[in-house]
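A short worksheet on the structure shown next.
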Amino acid sequence: MSSSFRVPRPGSRVRGSRTGKPVMALLDLLGRRWALRVVWELRGDPLSSRALREACGGVSPTVIGDRTRELREAGLVSLEDPAGYVLTPLGRELVDRFLPLVAWSERWAKATRAR
């Protein structure tokens, strides 16, 4: 993790919240470059660092390293040697919570194309 960044934690000051409301801490964490994409790509089978970089469109090893460290510290991702990175039960629950948003985004895309 870059030395200038802290992993957002509920109860601590985060972007958008002085009090660290849990939802604001989550949005801060997932709003970091490539964080949400990493979580999304790990929704299936475990991925090595290289496979994860490729799944994310060739993002740099430094960025993948930073994001996976932050997501591991936040309890959403773990490193299962030799399988690679996987979502924790909490990370899987987060992806399950995103699925209705995925469906909504498809409806939104259709509606905006219809204009």
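The values are calculated or read from the model by the stated rules, or taken from the named source; none is laboratory data. Worth saying up front: this structure is predicted, and the values here are computed from it rather than measured. Protein only, heavy atoms only, side chains kept; ligands, DNA and RNA dropped before computing areas. Shrake-Rupley method; radii C 1.70, N 1.55, O 1.52, S 1.80 Å.
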Q: Working only within region 38-72, note down all residues that are closer than 18 Å to Leu94 by Cα and open to solvent by 90 Å² or more (accessible area, probe 1.4 Å).
A: Arg43, Asp45, Arg69, Arg72
Q: Could you grab me the full set of residues in region 60-83 that are under 28 Å from Pro22 (Cα atoms) and not in a helix (DSSP H, G or I)?
A: Ala74, Gly75, Leu76, Val77, Ser78, Leu79, Glu80
Q: Considering every residue within region 4-22, establish whether at least one is modelled with pLDDT of 95 or more and at negative phi.
A: no
